[in-house]
Each structure stands twice: as C-alpha cells, then as structure tokens.
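Here the structure comes first, spelled out in structure tokens, and everything after it is commentary.
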Amino acid sequence: MGCGRVGSTLARSLEDRNHTVSVIDSEPDAFRRLGPGFNGDKVVGYGFDQQVLERAGIRRADAFAAVSSGDNSNIISARVARETFGIQQVVARIYDPGRAEVYQRLGITTVATVKWTADQVLRRLLPAGAEPNFRDPSGTIRLDQVPITEQWVGQRTIDFQAQTRSRIAWIDRLGEGMLPNRDTVIQEGDLIHLVMREDGAAHAFKVIDRGPEEA
C-alpha cells in the first residue's frame, strides 16, 4: 500500500526479483511512478479497506507492506492484513519512532524512517563507535563496522572476540565478504562487522583502541 517514491521503488524491486506485486493507492496518478514496464495490478483505494485488499489479491499474498505517507493508515492496514487475513510477513513504515517501538512489540515489523535517517546521518558525523550501523528495536544489540587497527594485525579473530566480548558477523577482505572460523587471522585492511551488546560497546571499543593483551 502506497505508491510514492518508496512504494513504487519497492514494487519495481520485487517485480525485478520475479515476484507478483499488487500496488494500492488512493490517487490514480500515483501509479505513473511505476513506469510503463510494471506488470502488476494497480488498485485504487485505501489499504485498510478489506474490499480493496480483496481486489488486490490479499488472500493469495505472502507478504504486505504499508508504505504510504500516513502513520495511521499504515498501521491500520498492517493490522488488517495480519489480524484479518492472516498475513505473517507484514511491514509498516512509521515516521513516529515512539509509535514504531510500540507496534514492534505487538509483532508488527516497523521501519521508523525518521529515526533510521537520523541514525544514518549521525553515524557519518560522529567518530567511529559513537553510532552503530544497526541497532535492534529493543536497543540491546548493535552492529558496528570497524576498520582494523595495526596492533590487531596477525591476531586470531577468536582472541579478538574474547577480549572485546563481541562477535564478528563477517569480514570485508580484499573486496569480498568472508565468515571467520577459529583459525582465521586478522589481516591488514580488514573491515570487521562486529555484533555486541549496547551496554558492552564502551568496553569493546576501548579494547580495540588499546590493542590485544599478551597471552
């Protein structure tokens, strides 16, 4: 639901991946954003109207995304799709971060666009470690992108994880992603994607900056 810039981009991206897509919008002119090559259904109406959802094929759907410009419309539509039609994969775009957290706890996946955008800008303004690449909705777990420092080159990743009390999700090495194992050794130029608890971030970055302890 919603054929603005986000909705139209999402619909085309799904169709490019060979999914069948129906798009709902209350303004017929909005469908022009889909372009002439879009082959899915275009349904005029409101996504929280059960009859409109029926016309869009909700009973055959595997997933539903509510990405209009209105928080109320998005959350009501998401709840109708989930609670009335039993769609399990439901995502709602929410501008208000507080409301997004509430609905997240109710089991509806939300994308809080304002908070996400602010976090992305902050991450690029502040020093490394000040803001993570990703933080889970509860605020407990974070994912950081950490350039490796010289003192860690030659150290085993298993020792790095033990000392920083974190987990390496993957390493970008020479332009490719790799999953470390017990024998992986950190190399110069590695970019580490690190998962840690929010309350352990200060310790992790202190250890990273200090360097490894002697065995």
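Derivation of every value follows stated rules applied to the coordinates shown; laboratory data play no part. This one's a predicted model, so the numbers in the text were calculated from it and none came from an experiment. Every residue, glycine among them, receives a Cβ derived from its backbone with ideal geometry; neighbour counts consider all protein chains shown.
Based only on other Cβ atoms within 10 Å, what is the fewest-to-most ordering of Glu101, Glu214? Before the final figure, lay out the partial values.
Details: Glu101 16, Glu214 4.
By the 10 Å Cβ count, ascending: Glu214, Glu101.
Could you let me know the centre-to-centre spacing of region 140-215 and region 1-60, using Cα atoms, in angstrom?
Comparing the Cα centres of region 140-215 and region 1-60, I get a distance of 43 Å.
Less than 11 Å Cβ to Cβ from Trp152, Lys/Arg counted +1 and Asp/Glu -1: what total charge do the surrounding residues give? Let's see the in-between values first.
Details: positive: Arg156, Arg210; negative: Glu150, Asp159, Glu188, Asp190, Asp209.
That sum, taken over residues with Cβ under 11 Å, equals -3.
Sequence-distant or interchain residues sharing an amide H contact under 5 Å with Gln155, placed H: which?
The list, which skips near neighbours in sequence, is Ile186.
Just to be sure I understand the model, the point goes 7 Å from the Cα along the line to the Cβ. What's the resulting Arg5 to Asp96 distance in nm?
That separation, rounded to one decimal, is 2.4 nm.
Under a crude label model (7 Å from the Cα following the beta-carbon direction), how far is Glu150 from Glu54 in nanometres?
Result for the modelled spin labels: 7.1 nm.
Counting Lys and Arg as +1 and Asp and Glu as -1, what is the net charge of the other residues whose Cβ lies under 13 Å from the Cβ of Gly211? Present the calculation step by step, with values, prior to reporting the outcome.
On the way: positive: Lys206, Arg210; negative: Glu150, Asp159, Asp209, Glu213, Glu214.
Value of the local net charge: -3.
Quickly work out the Ser138-to-Leu179 label distance, labels modelled 7 Å from Cα along the C-beta direction, and quote it in nm with one decimal.
About 2.4 nm, to one decimal.
Between (i) 21.9, 68; (ii) 17.3, 59; (iii) 17.3, 64, which entry matches Rg and Dmax of the Cα atoms in Å as derived from the coordinates of this structure?
Derived directly from the coordinates: (i).
May I ask you to evaluate 6.51 cos²θ - 1.76 cosθ + 1.60, the Karplus curve with θ = phi - 60°, for each residue of region 177-185 and list the ³J(HN,Hα) values in order in whole Hz, giving x for glycine and proline?
Whole-Hz 3J(HN,Hα) from phi for region 177-185: x, 9, 9, x, 10, 4, 9, 5, 10.
Once you've got the GNM for the chain with C-alpha springs shorter than 10 Å, pick whichever of Pro132, Pro97, Pro180 has the biggest mean-square fluctuation.
Pro180
So how do 153-164, 181-192 stack up, highest first, on mean other-Cβ count within 10 Å?
Details: 153-164: 16.8, 181-192: 14.2.
Ranked from most to least packed, the peptides come out as 153-164, 181-192.
Just to verify a number: FRET efficiency for Ala63 and Asn39, C-beta to C-beta distance, R0 = 25 Å, to 0.05? Walk me through the numbers on the way to the answer.
Numbers: r = 18 Å, r/R0 = 0.72.
Taking R0 as 25 Å, the efficiency between Ala63 and Asn39 is 0.90.
Where Lys and Arg each count +1 and Asp and Glu each count -1, what net charge lies around Asp71 among other residues with Cβ under 12 Å from its Cβ? Mind showing how you got there, number by number?
Working: positive: Arg93, Arg99; negative: Asp96.
Residues near Asp71 contribute +1 overall.
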